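Before any comments, here is the structure.
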Amino acid sequence: MAGEEAVSNKQVILSNYVTGFPKESDMKIITGSINLKVPEDSKDTVLLKNLYLSCDPYMRGRMSKLDKPSFVASFNPGEPLSGYGVSKVLDSTHPNYKKDDLVWGLTSWEEYSLIQSPQHLIKILDTNVPLSYYTGILGMPGLTAYGGLYELCSPKKGEYVYVSAASGAVGQLVGQFAKLVGCYVVGSAGSKEKVSLHS
């Protein structure tokens, strides 16, 4: 791979802030280019080839212009969407990441991403499972469900567990974890369609 080799880089861009249900016209796919080498003057930066990208319910809120503070900021029109993904390191000036490392964490909706805040990346050490699991049960939804249920709630066999938003990425895992413990689980969802998808 040449040091300054440039390749095309498809990106999913937010065209406009969304009101109501998102429309196809609210997003567009553009093709730019990117060098497959971290600039030499960039410190603690990694270049990623994105392998899997997660589409999570919280991202819908980020497509709107938020009037009050939230746990995550709005997306910026004209820029790629961002979220959790699984990626391969192509180049790095960060001491914790080297070429060919596999990572999961926050990245952009594009083929290649130059990440200047790699503290949001976690190195994948176990590759005996499908890498896509790191966008779900072994990624943010799984860690959130596990921590919330076992560390904060600590249910015991026979207890009742109520799961709000049970059809969501985290909620559907909480329900399964609670059943594994031997709890009686009740879940709620926003529509009959969401319930039928998970029954």
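The set of residues in segment 86-123 that are under 19 Å from LYS43 (Cα atoms), part of a loop (DSSP other than H, G, I, E, B) and in contact (Cβ under 8 Å) with a residue 60 or more places away in the chain contains only GLN116. Within segment 65-80, the set of residues being more than 12 Å from TYR17 (Cα to Cα) and within 15 Å of the chain's Cα centre (by Cα) comprises PHE71, VAL72, ALA73, PRO80.
Across segment 25-70, the number of residues qualifying as within 25 Å of SER15 (Cβ to Cβ) and acidic (Asp, Glu) comes to 3. For segment 151-199, the set of residues classified as farther than 24 Å from LEU53 by Cβ and polar (S, T, N, Q) consists of SER154, SER164, SER188, SER191, SER196, SER199, listed by residue number. Inside segment 32-85, residues that are under 30 Å from THR127 (Cβ atoms) and part of a loop (DSSP other than H, G, I, E, B) make up a count of 14.
When each of LYS88, LYS65 is tested for being surrounded by fewer than 17 Cβ atoms within 10 Å (Cβ to Cβ), at pLDDT 95 or above, among the charged types (D, E, K, R) and assigned by TED's automatic domain parsing to the domain that holds THR19, the lone residue that passes is LYS88. Total residues in segment 158-197 satisfying the condition of being of a type in the set (Val, Ile, Thr) and touching a Leu at 6+ places or on another chain (Cβ under 6 Å): the figure is 1. Of the residues making up segment 8-35, those that are more than 24 Å from GLY168 (Cα to Cα) and either polar (S, T, N, Q) or modelled with pLDDT under 95 (or both) are SER8, ASN9, GLN11, SER15, ASN16, SER25, THR31, GLY32, SER33, ASN35.
The values are calculated or read from the model by the stated rules, or taken from the named source; none is laboratory data. Source: prediction; values computed, not measured. In this analysis, Cβ positions are derived from the backbone assuming ideal geometry, glycine residues included, and neighbour counts consider all displayed protein chains.
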